[in-house]
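Peer 1: This structure is in structure tokens; I'll ask about it shortly.
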Amino acid sequence: MKNKIGFCEWVMPVKGPSVFAIAAGLGADGIQVDDWGSYSQSFPMAEQRIQNMYIEEAKRWGMEIPSMGCNGFSRAGGLVNRLGTPEGDISLLAIRTGIRACADMGIPLLMLPCCWDGFLRTEEDIENAAKMLRTTCKEAEEMNITVAVESVLSPDRWKDMAGYVGSKAFKTYYDTQNSQYFAGANPPEELRQLEVTDIAEVHFKEGLSDTQGCRCFGEGGTNFFESADILREKGYEGWLVIENFYRKPAFQSDCKDVYEAMGKDVATLRQVFGVRPESHSD
């Protein structure tokens, strides 16, 4: 496939099925949808009525849904929770429910972020994550769903985990600011070390050393253009998913409003990756 551009649902000015109309008007090609609380909200994205609302609006606006972010899962401990415990049982249920929801909606990828209470801090955390992924990725593989983990593990640690998980369904979900912000790493250097075939999707996020997603692309301190150039040179053809936090007070730009800033970021990605705009209409 050739690169396409999307937004995370959770950075849009409003949330819900109306995001497709807004994103289409900004020149995007799709939306990475949220899981809307996962277990804590009784898995809303597993309900057929809600699934149909998203599917119908995406179709109406000629948009795609490349992935689902399992954010609620991570807020409850996510991959840190150990199998065989009540918390681990909830995490296992959340992943399995997310995989089924993706299959029901024709979404090819489930993203599992390791943030909040699910941040991988210790060797025990990493071991717990690997065991849970080894179980669930085999199930995802049978349903032709990719499970992509967003973490700040070094490329070498990620490769070790991938070897243990042992599933072609397991990939990394790379974020162009997270490893710098959380671990003091150099995103361009990490991208040089990763095999492009191991990267399922990329979150493009621009910001400062102490603030995430607070600037338009190229106006912060993440070495955005260097990271983008490396991905392009390596032949990355996956989705370019924008995760700047346009509604937060910390976000600053010379644009008149959030919509202009969002459109500016879409245009930057199109220019850097040579992505032609699609035609979207009601």
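Please treat every number below as a calculation from the coordinates, not as lab data. Predicted model only: the values in this text are computed from it and were never measured. Neighbour counts run over all protein chains shown; Cβ positions are idealised from the backbone, glycine included.
Peer 1: For the pair residue 210 and residue 60, how long in nm is the line joining their label points, each one 7 Å along Cα→Cβ?
Peer 2: 4.4
Peer 1: Over the chain, calculate the relative contact order: mean separation of alpha carbon pairs under 8 Å at least 6 apart, over the residue count, as a percent.
Peer 2: 20
Peer 1: A follow-up question, please. Could you work out the relative contact order of the stretch 129-176, using alpha carbon pairs under 8 angstrom and six or more residues apart, expressed as a whole percent?
Peer 2: Across the stretch 129-176, relative contact order equals 50 percent.
Peer 1: Read phi for every residue in the stretch 80-89 and hand back ³J(HN,Hα) as whole Hz from Karplus 6.51 cos²θ - 1.76 cosθ + 1.60, θ = phi - 60°, with x for Gly and Pro.
Peer 2: Calculated HN-Hα couplings, in order: 5, 5, 7, 4, x, 10, x, 5, x, 4 Hz.
Peer 1: Can you list the trypsin sites (Lys or Arg not before Pro) in the stretch 161-260 that are in a DSSP coil and have 13 or fewer other beta carbons within 10 angstrom?
Peer 2: In loop regions of the stretch 161-260 (DSSP not H, G, I, E or B), the sparsely surrounded trypsin sites (Lys or Arg not before Pro) are 168, 247, 256.
Peer 1: Right, here's the next one. Let me have the relative contact order for the stretch 196-282, percent, based on Cα pairs under 8 Å that are six or more residues apart.
Peer 2: Details: 104 pairs, mean separation 26.2, N = 87.
Once divided by the residue count of the stretch 196-282, the mean separation gives 30 percent.
Peer 1: With just the Cα atoms defining each centre, how far is the stretch 55-80 from the stretch 212-280? Give it in Å.
Peer 2: First find each Cα centre; the distance between them is then 20 Å.
Peer 1: Continuing with this model, one more query. Which links in 59/234; 59/256; 4/59; 131/168; 4/131; 2/171 stretch past 21 Å when you go from one Cα to the other? Don't skip to the answer; put the middle values down first.
Peer 2: On the way: 59/234 32 Å; 59/256 30 Å; 4/59 16 Å; 131/168 16 Å; 4/131 33 Å; 2/171 18 Å.
In this structure, 59/234; 59/256; 4/131 lie more than 21 Å apart at Cα.
Peer 1: Considering just Cα atoms, how many Å³ per residue does the convex hull of the chain enclose?
Peer 2: So the per-residue hull volume is 117 Å³.
Peer 1: Would you kindly state how much longer the chain becomes between residue 278 and residue 93 on full extension, computed as 0.36 nm times their sequence separation minus their alpha carbon distance, in nm to one decimal?
Peer 2: Roughly 62.9 nm would be gained on extension.
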